[in-house]
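Structure first, then comments.
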Amino acid sequence: MTIGVARFVVVAGVSGHVVEMHADLGHGLPSVTVIGDELLAESRDRVRAAIANSGEQWPDARLVVASSVPVTGGGGGHDVALAVAVLAASGAIPAQTDSGTVFIGGLCLDGRLQGERAILPAVLAARENHYRSIVVPEPALAQLGLVEGIDIVGAADLRAVLGWLRQQQPLPGPDRAEFEYPPPATDLANLVGRPYAKWALEVAAAGGHHLAIVGRPGSGKTLLAQCLPGILPPLTDTQALDVAAIASAAGDLGRHSASRMPPLVTPHHSTSTAAMLGGGSRAVLPGVVSRAHHGVLFLDEVTELSSRVREALRVPLDEGRVRIGRLGSTVSYPARFQLIVAASVCPCSAVHEGDCVCSPQARLRYLSRFAEPWTDLLDIWVDLSPKVSQLDTAVGETSVVVRGRVAAARAAAAQRWQEHGCLINADVPADVLRQQFRLAPSILAPIQTAVRTGRLSARGADRVLRLAWTLCDLRAGATPNEQDIDDALMLRQRPPLSHR
Ligand SMILES: [Zn+2]
């Protein structure tokens with residue numbers, strides 16, 4: 001009996017593990033037995049046709065094929081690995097047992113390699129497990145120019161793979177790519193006036209704080225939200241690859257190299273829970289929250305969002321990831337993002353204050369109904385309802401200038417919290433804030449007053465403290481002072497807001 005082995009990658013979410021495909025060739029009447037799941041059985045006939053159409057011989061003997069774990073869960077495909085294992089067993093190609101090569105790809109009946117979804121996570125998994133080389137469908141090469149540390153080659157069809165294994169022909173690798181860092185899609189300098197809102201956005205960026213924006217239609221809520229990615233620090237190599245891996249798992253990485261610009265995702269308010277968190281029938285695809293990983297999730301018209309979706313968002317907001325159960329297993333995707341929610345100031349959504357037909361009571365009811373469920377999730381509230389003054393036409397700072405201050409503040413915060421397991425002020429655990437970094441009683445007095453009079457909850461008090469640390473970092477201070485606490489209390493004030 002001879003055994004052929006070839007390795008492929010099973011991908012779940014954005015993590016993959018390398019799996020062995022075995023083909024055992026024995027004496028007896030010609031037959032094929034598949035041990036394992038339906039997907040492997042399905043590929044048997046496809047691979048058999050692909051082998052025949054590549055001018056190769058399917059072994060005329062008793063054949064047993066099995067993979068070391070079930071191939072369900074999707075990924076780059078296991079057909080090529082099955083073909084290689086079978087042909088290695090029959091001696092048609094060199095044995096792959098110790099080759100250090102991983103094979104990714106499905107096969108068409110005519111022998112062409114196919115499949116581009118989740119190839120990047122598969123390649124990263126092979127690299128992580130110290131495999132020397134990986135064969136992928138040729139079209140996927142365009143997505144892999146950023147990956148270093150593993151030899152990547154692309155094959156158009158099975159014939160090319162076999163020629164390469166027999167050392168008869170080379171296979172092309174990806175063109176080296178660079179991380180892109182485009183200028184901000186929306187620059188802060190394009191926002192006329194609104195110094196308070198711009199300052200609040202800078203604070204949100206510096207501390208990673210979630211933000212709420214209220215304002216009439218056309219008051220610039222979307223414009224303000226669109227400015228956030230451009231004032232956040234650029235993504236690191238690892239973060240940019242994380243974002244690209246999620247796009248690859250969704251099947252739409254396309255031909256672009258990864259970007260250092262943090263993503264901005266703006267789902268419609270009618271988006272379902274499944275679309276928000278992720279899911280799917282055959283493969284579990286990442287949801288909206290994971291597409292916003294390392295970036296910004298902007299929920300406009302948030303009062304229209306169903307309470308189910310709103311409650312579902314609490315899991316990624318708390319844990320930075322989502323778990324999607326399917327067929328007895330769980331797929332996990334990272335989902336750590338900065339949240340911006342926006343809503344109108346009143347139920348009639350009139351563009352001009354003068355056209356509003358809402359009673360003061362109706363407005364109050366609307367604002368508190370909007371604010372109540374979000375209060376314990378959001379740090380900063382911005383009111384854009386006062387009109388921009390005609391005199392206030394000064395051109396403000398560009399996003400690049402503000403980004404510089406944000407980066408400096410984030411660096412200070414990261415240095416302080418590193419040993420406590422977090423990098424941004426918004427993530428600091430309450431006990432670290434209250435005990436190890438406790439501020440002087442005189443500084444804390446306004447917060448305690450707010451808690452005593454019921455204007456602030458205990459959790460709200462922690463949020464004010466985190467904000468105060470961000471304000472302190474932005475002015476390059478050592479510890480928050482009275483002014484930082486006052487400003488933090490002001491930023492935290494939720495509607496109905498004072499008209500500034
Ligand atoms: Zn109204």
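Computed values, structure above
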read-out	value
Vicinal HN-Hα couplings computed from phi for segment 290-304 (Karplus, 6.51 cos²θ - 1.76 cosθ + 1.60; Hz; Gly/Pro x)	7, 5, 8, 3, 6, x, 10, 9, 10, 9, 8, 6, 5, 5, 7
Relative exposure of Glu319, Glu202, Glu301, Glu372, judged by other C-beta atoms within 10 Å (fewest first)	Glu372, Glu319, Glu301, Glu202
Folded to 0 to 90 degrees: helix 195-207 orientation relative to the chain principal axis, Cα	50 degrees
Whole-angstrom gap from segment 208-285 to segment 35-58, using each part's C-alpha centre	39 Å
Mean separation of Cα contacts under 8 Å, 6 or more apart, over the residue count of segment 171-324: relative contact order %	23 percent
Neighbour cut-off at most 11 other Cβ (10 Å), DSSP loop, trypsin sites (Lys or Arg not before Pro), segment 151-189	Arg166, Arg176
Average Cα contact separation per residue, the chain, under 8 Å, 6 or more apart, as relative contact order %	14 percent
Nonlocal amide H pairs with Gln338, under 5 Å, H built at 1.01 Å	Gly295, Val296, Leu297
Against the rule of thumb 2.2 N^0.38 Å, how large the Cα Rg of segment 293-448 comes out	1.34
Compactness of segment 238-336 as Cα Rg over 2.2 N^0.38 Å, two decimals	1.05
Nonlocal amide H pairs with Phe103, under 5 Å, H built at 1.01 Å	Arg7, Phe8, Val135
Calculated P(r) tail over 11 Å for segment 82-123, as whole % of Cα pairs	71 percent
Backbone HN-Hα couplings from phi across segment 42-50 [Karplus 6.51/-1.76/1.60, Hz, Gly and Pro as x]	4, 7, 4, 5, 5, 5, 4, 5, 4
Kirkwood Rh in Å, taken over all unlike Cα pairs in segment 134-222	17.8 Å
HN-Hα J in Hz across segment 149-154 - Karplus 6.51, -1.76, 1.60, θ = phi - 60°, x for Gly and Pro	x, 8, 6, 10, 10, x
Segment 93-187 shape via C-alpha gyration tensor axes, a/c threshold 1.5	prolate
Leading residue at positive end of dipole, the chain (Cβ point charges), from Thr236, Ala61, Val34	Thr236
Convex hull of Cα atoms in segment 1-74, direction-averaged projection (nm²)	5.2 nm²
Crossing angle, helix 79-89 versus the chain [Cα axis fit, 0-90 degrees, rounded to tens]	30 degrees
Residue (of Thr330, Gly154, Trp469) at the positive-pole extreme of the chain, dipole from beta-carbon charges	Trp469
Dipole magnitude of the chain, debye to nearest 20 (Cβ charges: Lys/Arg +1, Asp/Glu -1, about Cα centre)	1160 debye
Debye log10 I(q)/I(0) at q = 0.15, 0.19 Å⁻¹ for segment 54-140, Cα point scatterers	-0.60, -0.97
Percent antiparallel among DSSP beta bridges (both partners in the chain, rounded to 5)	50 percent
Average projection area in nm² (convex hull over Cα atoms of segment 169-315, one quarter of hull surface)	11.5 nm²
Where N is the number of residues in segment 261-313, Cα Rg divided by 2.2 N^0.38 Å	1.12
Sorted by Cβ neighbour density within 10 Å, fewest at the top, the residues His420, His294	His420, His294
The chain - Rg over Rh from alpha carbon coordinates, Kirkwood radius	1.09
Across the chain: Cys residues that no other cysteine approaches within a C-beta distance under 4.7 Å	Cys108, Cys227, Cys348, Cys356, Cys422, Cys472
Cα extents of segment 379-481 along the three principal axes, largest first (Å)	46, 35, 21
Candidates per trypsin sites (Lys or Arg not before Pro) in segment 281-311, loop by DSSP, up to 11 other Cβ within 10 Å	Arg282
Cut-off under 5 Å, modelled amide H: who pairs with Glu397 long-range	none
Helical contribution to [θ] at 222 nm, DSSP H n ≥ 4, -39,500 (n - 2.57), averaged over the chain, rounded to 500	-10500 deg cm²/dmol
Helix 482-492 vs. the chain, principal-axis angle (Cα, 0 to 90°, nearest 10)	70 degrees
Relative contact order of segment 96-182, pairs being alpha-carbon contacts under 8 Å that are 6 or more residues apart, as %	27 percent
Charged-residue dipole, Cβ positions (Lys, Arg, Asp, Glu), segment 155-300 about Cα centre, Debye nearest 20	240 debye
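Where a number appears in this text, it was derived from the coordinates with a stated rule and is not lab data. Keep in mind that this is a model prediction, so the values were computed, not measured. Because the Cβ atoms are built from the backbone with ideal geometry, glycine has one as well, and the counts that use them run over all protein chains shown.
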